[in-house]
Structure formats: structure tokens, C-alpha cells
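Novice: Quick one: this structure, given as C-alpha cells, is what I'll be asking you about.
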Amino acid sequence: MIEFQRLHKSYAVAGRAIVALHPLELTVNAGEVFGIIGHSGAGKSTLIRLINRLEQASGGRLLIDGEDVTALDAEGLRALRRRIGMIFQHFNLLSARTVAGNVAFPLELAGTARAQIDARVAELLHTVGLEDHAGKYPAQLSGGQKQRVGIARALATRPQILLCDEATSALDPQTTASVLALLGKINRELGLTIVLITHEMDVIRRVCDRVAVLDAGHMVEMGAVTDVFLHPQHPTTRRFVSESEHVDEGELHRDFASVGGRIVRLTFLGNDTYEPLLGRIARETGVDYNILSGRIDRIKETPYGQLTVSLVGGNHEAALAGFVAAGVHVQELRR
């Protein structure tokens, strides 16, 4: 659906070029939720704004459905933007318009007939659960309700792509969860391609299929969320994962110094997460274990578990071989 071919962006500041995004090779597949994560200044907002040409690339090509959008004229750009919806961090609602009026606005700009606008607005407000709020104004809504209006407005012209620019960072955790659930529902039911940028790994974990990690304008890691979240390779990615799990890796490793035995990290995925493997393997191999840290949760709809354990006594090699044979990923932290 979306293909970046050596796309890059620089800004001229005080007579010199400041690189916001280094040449990027990236593909977003049709119908997936693709996450882009990075700290402030990493280039993620620049990247997403290149897709609908709110920013003009400095070089390279961007293809959407095989069409080079970097070469579009004004008319072609207007047609492109009708195919791309966008929701924003701070909602960007029109305060003088009602909820229904905000959702209707892009359809009015497109010259849609009034009867069609009314029917489409009613349909969208039902989709986002705001049918009872059509006559209210933005000032009368909660943050989560405002973002739902923003989502309905972004869907008004039946786009193929939905861009989410830090869409949940202004919301509390409970409201964030409800908005992410709504985005997941929209993705499943409408087959919409969603590109989502955030600085929170937990958002990526809940809703995305794949993720790219940006650091100082470079893409430093990319892959399926299960791979990147459970087995991060780059230091920036590892920091994001540690922050999301509220774990200080430095403190954890210092704690290891006072713990005896062989220390390993075990990663369980899918239904294996709920299997009583630790007890069975301990009985079979004579290995005692001590759980040092752990978490059981879900990545989108897939359950996972990660346990850091110390193994003492018995046959360590047989225990580790048993975990591997059962489909558990084993990472040695200390022999």
C-alpha cells in the first residue's frame, strides 16, 4: 500500500541543512496496522506527514498503490488526501461546530449532497459510539470523546489509509485503551491500512502488526511486533521495552549479582504461555528455579509471557533443551 524508496527530508535552518529523516526504505502492507515509534525529535512526525504531503520530501520517492505521490500536482494531491484520513494528538476540532458538524465538514468540502452527508454522519457516529452526542460542541466533550469525533471525521470520505499522529498521548490510560480498541475494530471491519506514530511501546503492543523504530532520523529496527517487543536488538528499542514494562535493566542486572545459579530469560508465546512447563521440566531434570522478574500479557490478540529465572542444581542443559523443544525462546543472561 505504501512504499518509501530512499525517501528523506531536510530543513534549512540559518543557512544550513538539518536532516530530519535520513534516506528510508520501508513498506507498509495493505490492511495492516503499522506502528512507528521514537522519542521526540526522532523524525516520526515528519515521516507520517510525508505520506499525505503535508511535508514535501527532499528526495526519494513515495509510492501509494504504485503511484508516486511525490510527483503529484495540486489536483492529484487533493485526490490523494481524500484517500487518506488523519487524526491528531490535540483533536483539531472546530469549536463553533457541533459533533455532527465536525464530522460533516470534509464531506461538505468535497461537495457531497446533504442527504448523503446526513446519512454518512449518522453511520460514523454510530461506529464511534457518539450517536447521542451529535448536537454537542467540542467544549462539552471529554478528551476521549473528542478523539472519537476526530476518528469519525477522518473516516468521512471513506479513505484507504488512516494516519494517527500521537492520537492517544493526550489521553489517560483507560481512555487510551478504549481508543486503541476502536482503531483495532476499524482496522478489522473496514480493512483500513493504519499508520500510527507514538512514543509509547505499550500502544504498539496493543494494536500494531509491525513496527519501525526511529532514532535521530534513522530507522534502527523493524519487524513484527512480537519479534521487536520480545527480542529487541537495538539499544533504543530495548529502552522503549524497558520503559513499557517499568523495568530498570541496570538495577535488574545489579540484583543478579546477589543471586546464585544460571540466569536465563524464557519467552513463551501463544497458548504455551499458560502451559505448566516450569514445574514439569524442574521435576524431569532436578533443576530448581527462582523467578527474578516476569510478565504475562498480550501483544494484540496473542498471549505472551517473559520470565527471568535462575536455575540451581540438577541438569541445566537438559532443562534448557526441554524449554527449546517446547517452543520456548531461551536467552542466556549469565552462565
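The values are calculated or read from the model by the stated rules, or taken from the named source; none is laboratory data. Computed from a predicted structure; not experimentally measured. Every residue, glycine among them, receives a Cβ derived from its backbone with ideal geometry; neighbour counts consider all protein chains shown. Just the protein is used for accessible areas: all its heavy atoms, side chains included, with ligands, DNA and RNA removed. Shrake-Rupley method; radii C 1.70, N 1.55, O 1.52, S 1.80 Å.
Novice: Considering region 77-94 alone, what residues qualify as being touching a helix residue (DSSP H, G or I) at 6+ places or on another chain (Cβ under 9 Å), open to solvent by 20 Å² or more (accessible area, probe 1.4 Å) and over 20 Å from residue 168 (Cα atoms)?
Specialist: The answer is 77, 82.
Novice: On to the next question. Scan region 258-299 for residues that are assigned to a loop (DSSP other than H, G, I, E, B), in contact with a Gly (Cβ under 8 Å, 6 or more places away or on another chain) and open to solvent by 40 Å² or more (accessible area, probe 1.4 Å) and report the count.
Specialist: 1
For (1) modelled with pLDDT of 90 or more; (2) aromatic (Phe, Trp, Tyr); (3) in contact with a helix residue (DSSP H, G or I) (Cβ under 7 Å, 6 or more places away or on another chain), each residue gets a yes or a no:
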site: 250; (1), (2), (3): no, no, no
site: 253; (1), (2), (3): no, no, no
site: 259; (1), (2), (3): no, no, no
site: 265; (1), (2), (3): yes, no, no
site: 268; (1), (2), (3): yes, yes, no
site: 272; (1), (2), (3): no, no, no
site: 287; (1), (2), (3): yes, no, yes
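Novice: Further, regarding this structure: Condition first: among the small types (Gly, Ala, Ser), surrounded by fewer than 16 Cβ atoms within 10 Å (Cβ to Cβ) and assigned to a helix (DSSP H, G or I). Can you find one or more residues in region 64-74 that meet it? Steps first, please.
Specialist: From region 64-74, those among the small types (Gly, Ala, Ser) are 66, 71, 74; that's our starting set.
Next, from what is left, pick out any that are surrounded by fewer than 16 Cβ atoms within 10 Å (Cβ to Cβ): 66, 71, 74.
From the residues that got through so far, the ones that are assigned to a helix (DSSP H, G or I) too are 71, 74.
Looking for residues that are among the small types (Gly, Ala, Ser), surrounded by fewer than 16 Cβ atoms within 10 Å (Cβ to Cβ) and assigned to a helix (DSSP H, G or I), one finds at least one in region 64-74, hence yes.
Novice: Which is open to solvent by 60 Å² or more (accessible area, probe 1.4 Å) and in contact with a strand residue (DSSP E or B) (Cβ under 7 Å, 6 or more places away or on another chain), of 140, 116, 160? Give the steps one after another, and end with the answer.
Specialist: Working: 140 fails: in contact with a strand residue (DSSP E or B) (Cβ under 7 Å, 6 or more places away or on another chain); 116 fails: in contact with a strand residue (DSSP E or B) (Cβ under 7 Å, 6 or more places away or on another chain).
That would be 160, the only listed residue that is open to solvent by 60 Å² or more (accessible area, probe 1.4 Å) and in contact with a strand residue (DSSP E or B) (Cβ under 7 Å, 6 or more places away or on another chain).
Novice: When region 302-325 is examined, which residues are found to be assigned to a loop (DSSP other than H, G, I, E, B) and either over 15 Å from residue 289 (Cβ atoms) or out of contact with any strand residue (DSSP E or B) (no Cβ under 9 Å at 6 or more places or on another chain) (or both)? Outline the logic, then answer.
Specialist: The initial filter retains those residues of region 302-325 that are assigned to a loop (DSSP other than H, G, I, E, B), namely 313-315.
Passing the criteria: only 315.
Novice: What pairs come up if the first residue lies in region 95-108 and is touching a residue at least 24 places away in the same chain (Cβ under 8 Å) and closer than 19 Å to residue 159 by Cα, the second is of a type in the set (Gly, Ala, Ser) and part of a loop (DSSP other than H, G, I, E, B), and their beta carbons are under 8 Å apart, counting only those six or more places apart or on different chains?
Specialist: If the second residue must be of a type in the set (Gly, Ala, Ser) and part of a loop (DSSP other than H, G, I, E, B), the pairs left are 100/134; 100/135; 103/156; 104/156; 105/156; 106/156; 107/156.
Novice: With 305, 327, 314 as the choices, which residue is in contact with a Gly (Cβ under 9 Å, 6 or more places away or on another chain), open to solvent by 50 Å² or more (accessible area, probe 1.4 Å), within 14 Å of residue 270 (Cα to Cα) and not aliphatic (A, V, I, L, M)? Break it down into steps so the answer makes sense when it comes.
Specialist: Details: 305 fails: open to solvent by 50 Å² or more (accessible area, probe 1.4 Å); 314 fails: within 14 Å of residue 270 (Cα to Cα).
Matching residue, one of 305, 327, 314: 327.
Novice: How many residues does region 116-142 hold that are in a helix (DSSP H, G or I) and among the small types (Gly, Ala, Ser)?
Specialist: The initial filter retains those residues of region 116-142 that are in a helix (DSSP H, G or I), namely 116-127, 131-133, 138-140.
Going one step further and asking which of them are among the small types (Gly, Ala, Ser), we end up with 119, 122, 139.
Final tally of qualifying residues: 3.
Novice: Going by the conditions given, is residue 108 part of a helix (DSSP H, G or I), more than 30 Å from the chain's Cα centre (by Cα) and surrounded by fewer than 12 Cβ atoms within 10 Å (Cβ to Cβ)? I'd like the intermediate steps shown before the answer.
Specialist: Working: part of a helix (DSSP H, G or I): yes; more than 30 Å from the chain's Cα centre (by Cα): yes; surrounded by fewer than 12 Cβ atoms within 10 Å (Cβ to Cβ): no.
Spelling it out, it is not the case that residue 108 is part of a helix (DSSP H, G or I), more than 30 Å from the chain's Cα centre (by Cα) and surrounded by fewer than 12 Cβ atoms within 10 Å (Cβ to Cβ).
Novice: Is it true that residue 135 is over 18 Å from the mean Cα position of the chain (by Cα), closer than 30 Å to residue 237 by Cα and surrounded by fewer than 18 Cβ atoms within 10 Å (Cβ to Cβ)? Break it down into steps so the answer makes sense when it comes.
Specialist: Values: over 18 Å from the mean Cα position of the chain (by Cα): yes; closer than 30 Å to residue 237 by Cα: no; surrounded by fewer than 18 Cβ atoms within 10 Å (Cβ to Cβ): yes.
When the stated conditions are applied, residue 135 does not pass them.
Novice: Right, something else. Is it fair to say residue 165 is surrounded by fewer than 20 Cβ atoms within 10 Å (Cβ to Cβ), touching a residue at least 12 places away in the same chain (Cβ under 8 Å) and not small (Gly, Ala, Ser)? If you could, list the steps in order and put the result at the bottom.
Specialist: Working: surrounded by fewer than 20 Cβ atoms within 10 Å (Cβ to Cβ): no; touching a residue at least 12 places away in the same chain (Cβ under 8 Å): yes; not small (Gly, Ala, Ser): yes.
So residue 165 does not fit the description; no.
Novice: Can you tell me which residue among 20, 57 is open to solvent by less than 30 Å² (accessible area, probe 1.4 Å), under 20 Å from residue 165 (Cα atoms), of a type in the set (A, V, I, L, M) and not in a strand (DSSP E or B)? Break it down into steps so the answer makes sense when it comes.
Specialist: Values: 20 fails: not in a strand (DSSP E or B).
On inspection, the qualifying residue turns out to be 57.
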